[in-house]
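Notes follow the structure.
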Amino acid sequence: MKTQSSTLKIIAENVKAYRLAKDISQEKLAEIADVHRNYIGHVERAERNMTIDSIERIAKALGVTVIALLTPQTK
């Protein structure tokens, strides 16, 4: 069983939180970010390692910075 990195978990939580806050479906986010529709689901479940390019495209599609996706949110 693979162990998820803490950074990957942070990105996963943030992508989902920003997507839901903007009321965007996974499919629509994938379309805007120009990634496969299943990719967003994998990202949100921290099942997929991401490239810098894909992090940048998803951040841009969400209207946030890459730093925002990498920063743990306080609860």
Practice task
Kindly list, by first and then second residue, each pair from a residue in the range 18-37 that is free of Cβ contacts under 8 Å to residues at least 60 places away in the same chain and closer than 16 Å to Thr65 by Cβ to a residue that is of a type in the set (S, T, N, Q) and in a loop (DSSP other than H, G, I, E, B), limited to pairs with Cβ atoms under 9 Å and residues at least 6 apart or on different chains.
Solution key: Arg19/Ser25
Fill in the blank from the handout: Residues of the range 5-29 being of a type in the set (D, E, K, R), over 13 Å from Glu47 (Cα atoms) and either touching a strand residue (DSSP E or B) at 6+ places or on another chain (Cβ under 6 Å) or surrounded by 13 or more Cβ atoms within 10 Å (Cβ to Cβ) (or both), in sequence order, are Lys16, Arg19, Lys22, Lys28
Practice task
Give the range 1-37 a look and list any residue that's in a helix (DSSP H, G or I), more than 12 Å from the chain's Cα centre (by Cα) and more than 14 Å from Ala61 (Cβ to Cβ), or say none.
Solution key: Ser6
Problem - Unique match (being in contact with a His (Cβ under 9 Å, 6 or more places away or on another chain) and among the small types (Gly, Ala, Ser)) among Ala21, Ala30, Ala46 - result: Ala30
Problem - In the range 49-75, the residues that are outside any helix (DSSP H, G or I) and without any contact (Cβ under 8 Å) to a residue 12 or more places away in the chain - result: Thr51, Thr65, Thr74, Lys75
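Only the coordinates and a few stated rules stand behind these numbers; no lab work does. Every value quoted in this text rests on a predicted model; they were computed, and no experiment measured them. Backbone-built Cβ (ideal geometry, glycine too); neighbour counts: all protein chains shown.
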